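Take a look at the structure below.
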């Protein structure tokens, strides 16, 4: 796979976290989170084809936070 096959994530995050199998990007708006979600699902398919696993996490899933922000799980 070429790096060009991967879709970029929106840059204007509220915060970011990294784990050993996935990461999480938090956005102020649902619209930004949805753009990130679509890219994460696409990128996860590419990674899965290379043998990566994401544990019990679901790249592309969106969680609504109590402060009104939205967090996306990314591969």
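Scanning the range 34-67 for residues being in a loop (DSSP other than H, G, I, E, B), without any contact (Cβ under 8 Å) to a residue 24 or more places away in the chain and more than 14 Å from residue 21 (Cα to Cα) gives a total of 2. Could you list, in sequence order, all residues of the range 27-45 that are under 10 Å from residue 75 (Cα atoms) and surrounded by fewer than 19 Cβ atoms within 10 Å (Cβ to Cβ)? Result: 41, 42, 45. Taking the conditions exactly as written (modelled with pLDDT of 95 or more, assigned to a helix (DSSP H, G or I) and under 22 Å from residue 5 (Cβ atoms)), does residue 31 satisfy them or not? For residue 31, the condition - modelled with pLDDT of 95 or more, assigned to a helix (DSSP H, G or I) and under 22 Å from residue 5 (Cβ atoms) - is not met. Considering only residues that are touching a residue at least 12 places away in the same chain (Cβ under 8 Å) and surrounded by fewer than 11 Cβ atoms within 10 Å (Cβ to Cβ), look in the range 1-14 and name the one that is farthest from the chain's Cα centre (by Cα). Step by step, filter the range 1-14, then rank; the result is 1.
The values are calculated or read from the model by the stated rules, or taken from the named source; none is laboratory data. Given the structure is predicted, the values throughout are model-derived calculations rather than measurements. Counting neighbours? That spans all protein chains shown, and the Cβs are built from the backbone with ideal geometry, glycine included.
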